[in-house]
1. Output the number of residues of region 87-132 satisfying the condition of being outside any helix (DSSP H, G or I) and small (Gly, Ala, Ser).
2. Quick one: how many residues across region 82-109 are among the aliphatic types (A, V, I, L, M), surrounded by fewer than 18 Cβ atoms within 10 Å (Cβ to Cβ) and within 14 Å of the ligand (Cβ to nearest atom)?
3. Could you list, in sequence order, all residues of region 67-104 that are over 21 Å from residue 323 (Cα atoms) and either outside the structural domain of residue 170 (by TED's automatic domain parsing) or without any contact (Cβ under 8 Å) to a residue 60 or more places away in the chain (or both)?
4. Among the helices (runs of 4 or more DSSP H) confined wholly to region 229-344, which include 2 or more residues that are in contact (Cβ under 8 Å) with a residue 60 or more places away in the chain and farther than 30 Å from residue 97 by Cβ?
5. Does residue 19 meet the test of being within 11 Å of the ligand (Cβ to nearest atom) and over 15 Å from the mean Cα position of the chain (by Cα)?
6. Mind checking which residues of region 22-46 are part of a strand (DSSP E or B), among the hydrophobic types (A, V, I, L, M, F, W, C) and within 9 Å of the ligand (Cβ to nearest atom)?
7. Contact list please: Cβ distance under 7 Å, first residue in region 52-66 and under 20 Å from residue 135 (Cβ atoms), second residue among the aliphatic types (A, V, I, L, M) and part of a helix (DSSP H, G or I), pairs at least six apart or on different chains.
8. Only one of (1) under 30 Å from residue 43 (Cβ atoms); (2) loosely packed, with under 15 Cβ neighbours inside 10 Å is not met by residue 321, so which one is it?
Amino acid sequence: MSATTAAGGNRIFSGIQPTGNLHLGNYLGAIRNWVTLQDSFESIYCVVDLHAITVAQDPAQLRQSTREVTASLLAAGISPEQSIVFNQSRVPMHSQLAWIFNCVARLGWLNRMTQFKEKAGKNRENATVGLYSYPTLMAADILAYRATHVPVGEDQKQHLELTRDIAQAFNQAYEVEFFPLPEPQIFGSATRVMSLRDGTSKMSKSDASDNSRINMTDDADLIAQKIRKAKTDPDALPSEAAGLEGRAEAQNLVGIFAALADRDVDSVLSEFGGQGFGVFKPALAELAVEKLAPMGKNMRMLLENPDHIDNILDDGAARAEAIAAPILAEVNEIVGFLGAKPQS
Ligand code: TYM
């Protein structure tokens with residue numbers, strides 16, 4: 001059995017949680033790259049509603065968020081014809097493979113996961129078992145398609161390393177070369193976009209302050225206002241990247257500018273070096289509005305027709321299942337489940 005995909009080539013898989021607003025970090029760290037990659041690779045993009053319920057969710061809100069996140073992906077330029085776009089719970093192979101991986105992954109591996117520690121907080125005894133085994137489901141998402149490349153922001157790197165460990169452990173345990181070891185793809189100058197209120201913590205949906213992030217639904221006025229209020233320091237900008245060392249907020253804003261403008265940090269600093277934030281912030285606000293406001297508008301328009309979004313997800317789920325079902329049939333056979341016959 002070969003360790004490549006069924007098609008014998010590269011296959012992209014990535015996921016995003018339908019919890020709250022998508023923000024600039026999701027866009028620059030992940031979605032923007034998904035849009036580029038879909039032109040060259042078979043790409044599968046998943047709204048991970050099974051992952052969302054690892055913490056409490058209101059059912060009506062979860063349905064709405066699933067549509068909203070899908071609309072954001074489409075508004076950002078993901079083509080539902082070129083790529084497969086679907087929500088995770090619709091394809092049962094994710095849960096089936098996750099169980100098998102729960103029986104491959106080791107407690108010691110999961111105990112090291114920093115995201116679990118952060119999300120569970122002090123009251124770890126009260127965290128769900130699902131939150132703890134979150135990374136095994138993530139490995140199943142990727143490997144149910146034998147995906148080879150996974151475009152993500154830097155915060156997902158540790159989960160990707162675990163996915164590779166699980167793939168390798170499965171191959172070893174069953175003496176097969178079945179799963180590829182998927183490569184994380186972390187690229188661009190904004191692989192880790194930080195909060196606008198604190199340059200040392202990640203921009204996140206769960207931050208209590210809405211001023212800490214730019215949401216993909218924010219209108220032009222709100223984007224400009226949040227950038228105006230962003231925390232900075234009193235110094236002028238340096239003329240080279242090395243001068244940003246130890247200036248977390250300045251580094252973050254310059255990184256965002258560079259990513260939005262598709263330029264490198266040094267090129268941005270060669271333009272703004274020596275200038276204060278009084279000059280830099282309005283330029284950043286103008287750029288952010290120019291790039292983001294049309295997406296927000298597009299997303300709101302798409303949400304006026306929820307049936308259209310649901311149809312896209314239906315179609316995506318059918319296409320995803322057509323890939324995952326024969327892979328799971330092979331896995332079941334490898335594991336020794338009686339009655340499982342791979343379709344050839
Ligand atoms: P999620 O929903 O938290 O984030 C979706 C994507 O956005 C990236 N991201 C960021 N990038 C840069 N700066 C930030 N501040 C920032 N915040 C978020 C994330 O790295 C991610 O790429 N566990 C995943 C979802 C998932 C998944 C998968 C991803 C489930 N199954 C399989 C890849 C493959 C998550 O919670 O992403």
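1. We begin by selecting, within region 87-132, every residue outside any helix (DSSP H, G or I); these are 87, 91-92, 103-106, 112-113, 121-123, 127-128.
Filter once more, keeping what is small (Gly, Ala, Ser): 105, 121, 127.
Number of matching residues: 3.
2. Matching residues across region 82-109 total 0.
3. Once the filter is applied, which keeps residues that are over 21 Å from residue 323 (Cα atoms) and either outside the structural domain of residue 170 (by TED's automatic domain parsing) or without any contact (Cβ under 8 Å) to a residue 60 or more places away in the chain (or both), region 67-104 yields 69, 73, 77, 102, 103.
4. Because the criterion is at least 2 residues that are in contact (Cβ under 8 Å) with a residue 60 or more places away in the chain and farther than 30 Å from residue 97 by Cβ, the helices (runs of 4 or more DSSP H) in region 229-344 that meet it are 248-261, 277-303.
5. Working: within 11 Å of the ligand (Cβ to nearest atom): yes; over 15 Å from the mean Cα position of the chain (by Cα): no.
No, not satisfied.
6. 46
7. Pairs found: 52/62; 54/131; 55/131.
8. Status for residue 321: all satisfied but (2).
The values are calculated or read from the model by the stated rules, or taken from the named source; none is laboratory data. Remember, it's a predicted structure, so these values are computed and weren't measured experimentally. All Cβ positions, glycine included, derive from the backbone under ideal geometry; neighbour counts span all protein chains shown.
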